[in-house]
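Just so it is clear, none of the values below were taken in a lab; they were calculated from the coordinates. Note that the coordinates shown come from a computational prediction; the quantities given were computed from them, not determined experimentally. Positions of Cβ are backbone-derived with ideal geometry, glycine not excepted, and every protein chain shown enters the neighbour counts.
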Amino acid sequence: MSSLTKHELIDVAILHLRDGNDELMYSETNGEPDTTKPMRIVLYGPGTKQFAKATAERQNKALARYQRKGQMKMTAAEITEERTDFLITVTKDVENIDSDQDSTGEDLLREIYGNPKLSHIAEQAETFARNTANFTPGSAKP
């Protein structure tokens, strides 16, 4: 008899970020990329309480907006804010990412995910977090 637990998803996985040219991103030392310092985001996956909470919050906001406005239509700012809130909830940590405004914690995450000119990072993070293949045993490679 086979055990289902061996098919359970792991809680977190690490995303090595890519820039707008699809090149891996590294923190800089003396103005040069330092390949010993990959810019990474540690994300909670679909099998976690954090992911379930983020999804529920997103759906509840959509329902409240529909009840308030009578429509599901969203502005670009609302879409960005909704995605940012979702990603903040499913982000466990960031590695080798420094703020241009000395932000830390949630403020740093808002700086990353809420900046339209860094939308490629938010897109990567959301796509990665939603893909269950990234959260299978053996898939988490540092």
The one condition in (1) more than 18 Å from TYR44 (Cβ to Cβ); (2) surrounded by 15 or more Cβ atoms within 10 Å (Cβ to Cβ) that LEU108 fails to fulfil:
(1)
Mind telling me which of the residues SER119, SER99, SER103 ends up being hydroxyl-bearing (Ser, Thr, Tyr), under 12 Å from the mean Cα position of the chain (by Cα) and farther than 25 Å from LEU9 by Cβ?
SER119
Would it be correct to say that TYR26 is more than 18 Å from ALA129 (Cα to Cα) and in contact (Cβ under 8 Å) with a residue 40 or more places away in the chain?
yes
Quick one: which of GLU82, GLU126, GLU78 is under 16 Å from ARG18 (Cβ atoms), assigned to a helix (DSSP H, G or I) and among the acidic types (Asp, Glu)?
GLU126
Every residue in the range 66-80 that is touching a Lys or Arg at 6+ places or on another chain (Cβ under 9 Å) and surrounded by 12 or more Cβ atoms within 10 Å (Cβ to Cβ), please.
MET74, GLU78
Within the range 6-26, track down each residue that is in a loop (DSSP other than H, G, I, E, B) and of a type in the set (A, V, I, L, M, F, W, C).
LEU9, ILE10, LEU17, MET25
